[in-house]
1. When the Kirkwood hydrodynamic radius is evaluated over all pairs of different C-alpha atoms of region 228-288, what value in angstrom, to one decimal, is obtained?
2. How big is D, in µm² s⁻¹, for region 293-388 by Stokes-Einstein at 25 °C and 0.890 mPa s if Rh is the Kirkwood radius over C-alpha pairs?
3. Rounded to whole Hz and in sequence order, give me ³J(HN,Hα) for region 313-319 from the Karplus expression 6.51 cos²θ - 1.76 cosθ + 1.60, θ = phi - 60°, writing x for Gly and Pro.
4. Can you give the extra length, in nm with one decimal, that the chain gains between ASP236 and GLN181 once fully stretched, where that is 0.36 nm per residue apart less the Cα-Cα distance?
5. With the crude spin-label approximation of a point 7 Å out along Cα→Cβ, what separation in nm comes out for VAL149 versus LEU70?
6. What is the dipole size for region 127-250, taken about its Cα centre, with +1 at each Lys and Arg Cβ and -1 at each Asp and Glu Cβ, in debye to the nearest 20?
7. Going through region 314-389, which GluC sites (Glu not before Pro) have at most 16 other Cβ atoms within 10 Å and a DSSP loop state?
8. Take the Cβ-Cβ distance between GLU335 and LYS96 as r, set R0 to 41 Å, and report the resulting FRET efficiency rounded to the nearest 0.05.
Amino acid sequence: MSSPTPMDVDVDEPLPVSNGNGSATTNPKPANAMAASMANASAKGKGKADHEAQNRQAAEIKAANEREGLPWVEKYRPVSLDDVVSHKDTTTTIEKFIEAGRLPHLLLYGPPGTGKTSTVLALARRLYGPPYRKHILELNASDDRGIDVVREQIKNFAMTKVLFSKGFKLVILDEADMMTQAAQSALRRVIETHTKNVRFCILCNYVNKITPAIQSRCTRFRFSPLPESEVQRKVDEVVEKEGVNITDDGKEALLKLSRGDMRRALNVLQACHAAYEVVDETAVYNCTGNPHPKDIERVVQSMMSDEFGTSYSLITSLKIDKGLALQDLIAGAYEFLDTVELPKQSRIYLLDHLGSTEHRLSVGGSEKMQLTALLGAFKLAVELSQKKV
Ligand SMILES: Nc1ncnc2c1ncn2[C@@H]1O[C@H](COP(=O)(O)OP(=O)(O)OP(=O)(O)O)[C@@H](O)[C@H]1O
Ligand SMILES: [Mg+2]
């Protein structure tokens, strides 16, 4: 962290001083005492540098100890911008902004578990060092973010003068797509008025829920789902550090189920490691409550070739035995159909029915009725394919 210069110290706020464990505390000093200590400063220069290095080391050890009991997603959360996997274009661009001292307001958007919050926290750490929490205002969906909060809390934070030579503070608005329209409108003005000493980092999953006026005030970065190879690299690192006994098919299943969401991959890995000695394919599917591919295959084969009644009882007993939901079976069947040879017409017919059954289930349709409707659709699709041949 760079030390504050007298120019940018807020006269109302006391100076920060180290408290010996790496974090800064505030301690008001009278002006004459400050002058005396400044006179001694050069003589103490070397000792001070050593002291700062010791403090930094102590802070790192403390942080490492604190990470021990944390869930793996937190324990392995990227510390620096370089640790953020994938999104290299984004992190290098942000790094360039910092180096040039011209950080714009940022809008990071994309699906869950792709590194948006991690990137912003790494950015804050890069700007302010380990005690970065003091220099940011972080608000997420669990905080009250109605119009009053935007007006008051953000405004108060934005208005206090800057203590640091970087010249600005960060306001992080996580899950901003959950903010009310009124609050977003109020934010427009706040962003403009306080650009001099505050930068806003707006994070969300759905960028279309952010008003265009706010979007145009920010530099946008999209965080796409992480490629499997990148998730695998991180999973391999965690597996090694935590001594997880994982099989190849277990890893494959984990990567497939995480669908580019690193948080999901790490959470499932930790749950499986806690519950099973060996993390294999079955463990991963059991842990997530997802149907095993073999069960899906059995279900689809049966729906296509068995009698209506046989197929119905097979699926019902499978659902009860393994605690599966029809919705998950439909999702699995949808993927499995990709691997089955079917005439165009039957495939379209089936996909249409899978889609509408899924929709009806999501709005509260009865599982029993939807299962029979779906079975009927499979039977008709098979008939259609036979007619075609
Ligand atoms: N690109 C990444 N590089 C390294 N780790 C990552 C990355 N993305 C996610 N992770 C891991 O997943 C966890 C969750 O990531 P993060 O909180 O940054 O996701 P997010 O994009 O903010 O998701 P959400 O939209 O749900 O808030 C992190 O603690 C980290 O361990
Ligand atoms: Mg987040």
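1. Its Kirkwood hydrodynamic radius stands at 10.9 Å.
2. Here the translational diffusion coefficient equals 184 µm²/s.
3. 6, 4, 5, 4, 5, 4, 4
4. Gain on extension, ASP236 to GLN181, equals 15.6 nm.
5. The answer from the label model is 2.3 nm.
6. Magnitude of the dipole: close to 1240 debye.
7. Numbers: sites: GLU335, GLU341, GLU358, GLU367, GLU383; in loops: GLU341.
Listed in order of number, the matching sites are GLU341.
8. 0.50
Just so you know, all these numbers are worked out from the coordinates, no wet-lab data involved. Quantities reported herein were computed from a predicted structural model and do not represent experimental measurements. Ideal geometry is used to build each Cβ from the backbone, glycine not excepted, and the neighbour counts take in all protein chains shown.
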